[in-house]
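For reference, the structure discussed in these notes is given below.
The values are calculated or read from the model by the stated rules, or taken from the named source; none is laboratory data. Because the structure is a prediction, the values reported are computed rather than measured. Don't worry about glycine lacking a Cβ; one is built from the backbone with ideal geometry, like all the others, and counts go over all protein chains shown. Please note that ligands, DNA and RNA were not included when accessible areas were found on the heavy atoms of the full protein model with its side chains. Shrake-Rupley method; radii C 1.70, N 1.55, O 1.52, S 1.80 Å.
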Amino acid sequence: FLSLRERLELARACVRFAAGRVPVIASGHVAETPDDQLEEARMMADTGIAALVLLTNRFARADEDDGVFEARLGRFLEALRIDIPLGFYECPHPYKRLVSSSAMRFCVATGRFGFLKDTSCRLDDMRAKLEAARGSPFKLFNANAATLLASLRAGASGYSGVMANFHPDLYVRLCATWKTDPAGAERLQDFLGLASAIEYQYYPVNAMYALSLEGVPVRLVSRRADPGRFTESMRLEVEQLMRLSRAWSGRDAPR
């Protein structure tokens, strides 16, 4: 829902703000034609980001098989500079294209990809991808909260989902302590899995509201969802979730 100019400006602003403290990873790979995709990828890579994220659904339509996906991806990689690390995101819009085991092996074999944001929400899918990438430095990050702990035990490297807009510190804790405190991780997983149902309430407006409650100066403005439909009841649900999140974190509300 952003123009190419807006996507580039946002990436540059993040790179300036990070100032080398943390790596900035960006996408913006949304164009329809291969030539336009390549051009926007080149421009995004030139913003100074540390890695570029590609969308799996841009290389083949829903009715096209992995052969089409791999052929178009191969041509894309041949034309893109080789010094920019790449990742993949199984973006659900305009349709969700999950990476199959064979496509995963193809991507890993190119040596160009370092990670995948997995949105399958299915442990069997994640295990198959992890098996296909076994022996490589490729990392899988789970976007689904309910399966997070189980995916970590299966070999996933961490979390990459929208619930990090609500209580990122709790995901940091789970990913950091699931081995050393398995009982605590189970309890925290139960909370995070249930709390993630807020995503289906009225995202992204509810996430903006949650961030504002944490002191982030963000307004409820969205091109994806009408903020006017964010009801009083929805606001209360977000407020209650954030109070519970602070209790889990052991911190007070921001002043």
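Multiplying the residue separation of Ala18 and Leu236 by 0.36 nm and subtracting their alpha-carbon distance yields 75.2 nm.
Across the chain, C-alpha contacts under 8 Å between residues 6 or more apart give a mean separation that, scaled by the residue count, equals a relative contact order of 11 percent.
Expressed per residue, the C-alpha convex hull volume of the chain stands at 145 Å³. Using bins of 5 Å that start at zero, the share of Cα-Cα pairs per bin across region 72-119 amounts to 5, 18, 29, 27, 16, 4, in whole %. Here Lys179 is the anchor, and the lysines within straight C-alpha reach of less than 23 Å, apart from those fewer than 8 places off in the same chain, are Lys117, Lys129, Lys139. Taking a ≥ b ≥ c as the square roots of the eigenvalues of the Cα gyration tensor of region 16-60, is the shape rounded (a/c under 1.5), prolate (a/b larger than b/c) or oblate? Judged from the Cα gyration tensor, region 16-60 comes out prolate (a/c at least 1.5, a/b above b/c). Would you please give the FRET efficiency between Leu4 and Arg72, computed as 1/(1 + (r/R0)^6) with r the Cβ-Cβ distance and R0 = 25 Å, to the nearest 0.05? E(calc), rounded to 0.05, equals 0.80. Note on exposure: Leu149, Leu123 ranked by accessible area (1.4 Å probe, complete protein assembly) read Leu123, Leu149, with the most exposed listed first. Restriction of the trypsin sites (Lys or Arg not before Pro) in region 104-170 to DSSP coil positions whose beta-carbon has at most 11 other beta-carbons within 10 angstrom yields Arg134.
For region 181-237, trypsin sites (Lys or Arg not before Pro) meeting the loop criterion (DSSP other than H, G, I, E, B) and having at most 15 other Cβ atoms within 10 Å: Arg219, Arg223, Arg224.
The stretch between Glu32 and Val218, if pulled fully straight at 0.36 nm per residue, gains 63.9 nm over its current Cα-Cα span. Accessible surface calculations at 1.4 Å, restricted to protein heavy atoms, place region 94-203 at 46 Å² per residue. Name all residues of region 177-198 having a backbone nitrogen under 20 Å from the label point set 7 Å from the Cα of Arg153 along its Cα→Cβ direction, giving them as ranges. Hits in region 177-198 for Arg153 at 20 Å: 177-196. What value does region 139-178 have for Rg/Rh, both radii from Cα atoms and Rh as Kirkwood defines it? That ratio equals 0.91. Glu239 exposes around 50 Å² of accessible area when a 1.4 Å probe is run over every protein chain in place. For the chain, the fraction of 1.4 Å probe accessible surface lying on carbon and sulfur atoms is 55 percent.
Given in Å, the Rg to one decimal and the Dmax to the nearest whole number for the Cα atoms of region 9-110 are 13.9, 43. The distance from the alpha carbon centre of region 24-54 to that of region 209-255 is 31 Å, rounded to a whole number. Computed from the Cα positions only, the extents of region 50-175 along the three principal axes stand at 40, 32, 27 Å, in decreasing order. Its relative contact order, with pairs defined as Cα atoms under 8 Å and 6+ residues apart, puts region 152-237 at 23 percent.
Between Ser101 and Ala146, the modelled labels are 2.5 nm apart [label points 7 Å from Cα along Cα→Cβ].
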